[in-house]
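The next block holds one structure in the form of structure tokens; read it before the comments.
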Amino acid sequence: MDIIIRKARYEDTKQVQHIANESWHATYEGIIPLEVQDNFLNSAYNDEQMKLRIERSILYVVEVEGEVVGFANYSFVQKSGKVELGAIYLLPEFKGKGIGSALLQQAITELEGVKEIYINVERDNKIGRNFYEAKGFEFVKEFEDELDGHILKTVRMVKKIS
């Protein structure tokens, strides 16, 4: 399977929105109410927010056979070397094929000066937590976060880059 990872372009917007929707619904079923998921997706991934993501953060997309099947969204590297990983989302049928790992490695390789990558993951998102732990992320803290009236149990993790 040939994969290509590249920076997102404006014309990728609809596909990234579709991936976010599919991934969220598959991941958070039974964890976050569907209405809360949809409200978040409609506000965080609307066309205007997508434009801002492309312009004000690092948004990689991954193509398999010419189709965008996943993405990762990173903050710019801070002077301290810290980077926030906002999301790695894949279409459900592409999970477990090394694509998420490739999206993580792309940032480690390409982002100059990165020393630490931080991620917040919902505590009950066991697949996500297992992925990050397998990639060397370590527990920092757990906290409650509010999303559209729903309380999330969030785990903050960090991966130190040598």
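Here, each number is a calculation from the coordinates, and none is a lab measurement. This is a predicted model, so every value here is computed, not measured. Neighbour counts run over all protein chains shown; Cβ positions are idealised from the backbone, glycine included.
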- [ ] Summarise the long-distance tail of P(r) for the chain by giving the % of C-alpha pairs beyond 26 Å.
- [x] 24 percent
Task: Within the chain, helix-based [θ] at 222 nm, where runs of 4 or more DSSP H residues each add -39,500 (n - 2.57), nearest 500 - done: -11000 deg cm²/dmol
Open item on the list: Counting each pair of different Cα atoms once, what's the Kirkwood radius of the stretch 44-124 in Å, rounded to one decimal?
Closed with: 13.5 Å
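What ranking, highest mean first, results for peptides 56-63, 2-9 when packing means the other Cβ atoms within 10 Å averaged over each residue? Spell out each step's value before the answer.
On the way: 56-63: 18.0, 2-9: 13.6.
Peptide ranking by packing, descending: 56-63, 2-9.
Any number yet on Rg/Rh for the stretch 56-95, C-alpha, Kirkwood?
Reported Rg/Rh (Cα atoms, Kirkwood Rh): 1.09.
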Open item on the list: If the elastic network links every pair of Cα atoms under 10 Å, which of GLU138, GLU93, GLU116 fluctuates the most in the Gaussian network model of the chain?
Closed with: GLU93
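About the Cα centre of the chain, how large is the charge dipole given +1 on each Lys and Arg Cβ and -1 on each Asp and Glu Cβ? Please answer in debye to the nearest 20. Could the numbers behind the result be given before it?
Details: 21 positive and 27 negative charges, 160 e Å.
Its charge dipole is roughly 760 debye.
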- [ ] Calculate the spin-label point distance for ILE3 paired with HIS18, positioning each point 7 Å from the Cα along the beta-carbon direction, and give it in nanometres.
- [x] 1.9 nm
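Determine the shape class of the stretch 18-76: with a ≥ b ≥ c the square roots of the Cα gyration tensor eigenvalues, call it rounded for a/c under 1.5, and otherwise prolate if a/b is greater than b/c, oblate otherwise. Walk me through the intermediate numbers first.
On the way: a/c = 2.18, a/b = 1.32, b/c = 1.65.
Oblate.
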TODO: Over 13 Å, how big is the tail of the calculated P(r) for the stretch 104-162, in percent of all Cα pairs?
DONE: 63 percent
